Amino acid sequence: MKIAIVTGASSGMGRQFVLQIDKGNDLDEIWVVARRRERLLELTELCRAKIRPIALDLADTVASVNSLRETLAGEKPDVKILVNASGFGKYGTYKDLTDKEICEMIDVNDKAMVLVTYAALEYMQRGARIITLGSGSSFQPLPEFNMYASTKAFVLHFCRALNVELKGRGISVTCVCPGY
């Protein structure tokens with residue numbers, strides 16, 4: 001079974017990736033991952049490919065990724081495309097953000113992205129693609145948006161290094177860095 005996995009699929013860029021992947025690829029299923037199951041179910045009416053909604057809160061990183069790993073192990077799909085589009089940012093200086101907000105931003109933007117990628121890699125073959133949403137903010141420090149920009153700097157460097165590591169396997173890694 002040939003699949004794509006898209007995190008952050010319930011809205012924004014993640015949702016748009018699902019719609020575009022559906023138009024241009026011959027896949028058996030698109031696995032859509034996000035917190036809001038009802039938003040994921042909406043995609044079943046918009047796509048020609050079979051949509052498999054997987055409601056997970058990636059802020060609960062370890063439990064969510066373990067659940068995804070179990071699903072992957074049970075199905076053993078051929079993952080053709082992985083899109084890491086989940087993430088969020090909060091404005092504020094070091095004194096404005098709570099410890100919870102800081103940890104959740106790191107957990108979703110960085111930890112979950114890495115662990116989802118590593119889980120999917122076990123099921124990816126030559127020609128597969130990993131697309132991860134970074135940010136234009138990853139290229140410079142941004143006062144009052146420091147924590148988000150820092151998480152996206154991690155994303156950018158992780159993707160660049162992973163792309164080199166996976167060249168021998170024929171798997172490409174792209175970090176998309178949109179601006180405002």
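The values are calculated or read from the model by the stated rules, or taken from the named source; none is laboratory data. Everything numeric in this text was worked out from a predicted model, so none of it was measured. Note that each Cβ is placed from the backbone with ideal geometry, even for glycine, and that neighbours are counted across all protein chains shown. The accessibility values were calculated without ligands, DNA or RNA, using every heavy atom of the protein model including side chains. Shrake-Rupley method; radii C 1.70, N 1.55, O 1.52, S 1.80 Å.
Explain nothing, just the number: relative contact order of the range 48-180, from Cα pairs under 8 Å at least 6 residues apart, as a whole percent. 28 percent. The figure for Arg69 is an accessible area of roughly 90 square angstrom, using a 1.4 Å probe on the protein chains alone.
Which percent of the Cα-Cα distances in the range 66-129 go past 13 Å? Percent of Cα pairs beyond 13 Å in the range 66-129: 67. Mean projected area of the convex hull spanned by the Cα atoms of the range 63-180, taken over all viewing directions: 7.4 nm². Which links in Lys90/Lys167; Lys23/Lys167; Lys100/Lys167; Lys50/Lys100; Lys2/Lys100 stretch past 31 Å when you go from one Cα to the other? Going by Cα-Cα distance, Lys90/Lys167; Lys100/Lys167; Lys50/Lys100; Lys2/Lys100 fall outside the 31 Å limit.
Under the simplified labelling scheme, the Gln140-Lys50 pair shows an inter-label distance of 4.8 nm, with each label point 7 Å from Cα along Cα→Cβ. Legend note: in the chain, cysteines whose Cβ sits 4.7 Å or more from every other cysteine Cβ are Cys47, Cys103, Cys177.
Alpha-carbon geometry of the range 2-127: the Rg and the Dmax are 14.8, 49 Å, given in that order.
Its DSSP H runs of at least 4 residues, each contributing -39,500 (n - 2.57), put the calculated 222 nm mean residue ellipticity of the chain at -13500 deg cm²/dmol, to the nearest 500. For the set Cys103, Cys177, Cys159, solvent exposure ranked by accessible area (probe 1.4 Å, protein chains only) runs largest to smallest as Cys103, Cys177, Cys159.
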